[in-house]
Amino acid sequence: MFEEYDDYRKQIREFGLKEFTDEVAAKYDRGEEYPDYLRKKSLSLGIVDMQNPAKILIAIEELCRIDAGLGISVTTPYFGAEVLMLFGNDKQKEFLNDVYSGKYVLGLGVTEASGGSDVAHIKTTATKKGDKYILNGSKMFITNGAIADYLVVLARTSDEDKPHHGLSTFLLNTKLNGFKANKLTGKLGVRATNTAELTFDNIELSSEDLIGEEGKGFYYIMTFFNISRIYVAAQGLGIAEGAFDKILEYVKANEIKDENTMFEIADVATRIEATKELTYNAASYLFKFEPRPQLTSMAKAYAGETAVYASEKAMEILGANSLEENVERIFRNAKIMEIWEGTSEVEKLVISRFILKGE
Ligand SMILES: Cc1cc2nc3c(=O)[nH]c(=O)nc-3n(C[C@H](O)[C@H](O)[C@H](O)COP(=O)(O)OP(=O)(O)OC[C@H]3O[C@@H](n4cnc5c(N)ncnc54)[C@H](O)[C@@H]3O)c2cc1C
C-alpha cells in the first residue's frame, strides 16, 4: 500500500538521516528545546507537505523511525488544522495557507488538568457577551502550546443536560491579552516537542473566531481525533521500526544466533508488519473520505503497544549497550504513543462500541 509514494519515502528518509543525526537528536532531547530551524528547513525544501495526507503519514513514519522527538516536532506545526479545514469559515480556511507555508504554528487545546479522556466535562468557558465571547479557564499538556501563533480551543458555551452538547471550538490568537503559556519540562520522552500549560484570563474572542456552529465542538473534536489518530499510529509504527533497526544492527554486528533472540526478532517483525497493515488500511479508508473510526482506533492502540513492545525488546536484547542515548531515547519516546490522542483504554472502548453497534 502507498507504493506510489516510494520515491517520496526515500526522499524523506534521506532528509531525516542527514538532519536528525544522533548529535542533533541528543541536543534537543537533553535541552528540551523545539528545533524550529528543522521545521522551517523541511517546509522550505517542500519535504513536509501538510496538504497531502498520504505524504504526511509517510513523513511521520520515516522521521519517527529516525527520531520521534524531532520527527514529531517537524510534522505537528499544523496540529488542529483539520478542524478548520472541515468546519471553518472561508477566512479560517484561507488562514490555513499561512500554516502550511510555515508562517504560523498551530496547536489544539482540548485536555485540562482534570483529565484528558473525559472531553465532555471540560471546564473552560466561552461566555457570550454581545457579539463577543469571553474565554476563561486553562488547558494542560498542549503540544506547541508555548510556540503556537494560533490554537484551536474547545470551550463550554452553554450548560446542557448532555454536557457534550454545550461545547464549541474557537480559533484563538495567542497574542491576545489574557493568554499565558507555561512551558512544561521534565517529560519522559518526545522532549524536543513543545508542551505547555495554558491559562485564559478574560480573553475577548470575536464571533468570527467561532469555528463552525456553536454547540458542535465535541463532534468537531471527535471527527478530528478520528483523523489525527492515524498519524499517531504512524508515529508508533515509525518508533517500532526504529527500535527494530537497532535490534538488527546489534544482532548482526555481534553475530548473535541464539534461539531466544531469533524468536524475539520474529515476534517484533510480525507485530510491526501487523501494525503497518492495520495503519495503512485504516488510512486508505480515511483518505478516500470513508473513515472507519474502529479501524483507526485499532491502528492507534496497536501501534502504541507495538512501539512500547519493540522498544522494550531493543533494551533487553542490547542489554547494557541499550543505555546508549540513541537507544534509550527510543524507549522513552515510545510510552506517550499509548496515551495521547486517546489512551489505549479509550481506543478499546471506541472499538468495542462500534463492534457492538454492528459497524
Ligand atoms: C506530551 C503530551 C502532549 C500532549 N499534547 C496534547 C495536545 O496538543 N492537545 C491536547 O488537547 N492534549 C494533549 N495531551 C493530552 C493527552 O491527550 C492526554 O494525556 C490524554 O488524552 C489522556 O488524558 P489524561 O492524561 O488526563 O489521562 P486520564 O484521562 O486522566 O486517564 C487516566 C487513566 O484512566 C483511564 N481512563 C480514563 N477514562 C476511562 C474510561 N472511561 N474507561 C476506561 N479507562 C479510562 C485512561 O485510559 C488512563 O489509563 C498531551 C499529553 C502529553 C503527555
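The table that follows gives values for the structure above.
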| read-out | value |
| --- | --- |
| Quotient of C-alpha Rg and 2.2 N^0.38 Å, computed over the chain | 0.99 |
| Value of relative contact order over the range 125-189, rounded to a whole percent, pairs C-alpha under 8 Å and six or more apart | 29 |
| Values of log10 I(q)/I(0), in the order q = 0.15, 0.17 Å⁻¹, for the range 222-333 under a Debye, Cα-only, solvent-free model | -0.63, -0.75 |
| Within-15-Å neighbourhood charge of residue 62 [Cβ basis; K, R +1; D, E -1] | -3 |
| Karplus 3J(HN,Hα) series, Hz, for the range 145-154 with 6.51 cos²θ - 1.76 cosθ + 1.60 (x for Gly, Pro) | x, 8, 10, 6, 7, 9, 9, 8, 10, 9 |
| 5 angstrom amide H check on residue 143, placed H, neighbours 5+ away | 108, 196 |
| Relative contact order [Cα under 8 Å, 6+ residues apart], the range 3-75, whole percent | 42 |
| Local electrostatic count, residue 124, Cβ distance below 11 Å [Lys/Arg +1, Asp/Glu -1] | +2 |
| Under the Karplus curve 6.51 cos²θ - 1.76 cosθ + 1.60, θ = phi - 60°, whole-Hz ³J(HN,Hα) for the range 326-333, x wherever Gly or Pro sits | 6, 10, 5, 5, 5, 4, 5, 6 |
| Sum of side-chain charges, residue 191 neighbourhood, beta-carbon under 9 Å (Lys, Arg +1; Asp, Glu -1) | +1 |
| For the range 222-356: relative contact order, % (alpha-carbon pairs under 8 angstrom, 6 or more apart) | 37 |
| Interchain or long-range residues, amide H under 5 Å from residue 112's placed H | 140 |
| Label-reachable residues, the range 217-248, where backbone N falls under 15 Å from a point 7 Å from residue 17's Cα toward its Cβ | 242, 245-246 |
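Each value in this text was obtained by applying a stated rule to the coordinates, not by laboratory testing. Model, not experiment: these values are computed from the prediction. Methodologically, a virtual Cβ is constructed for each residue, glycine included, from the backbone with ideal geometry; neighbour enumeration extends over all protein chains shown.
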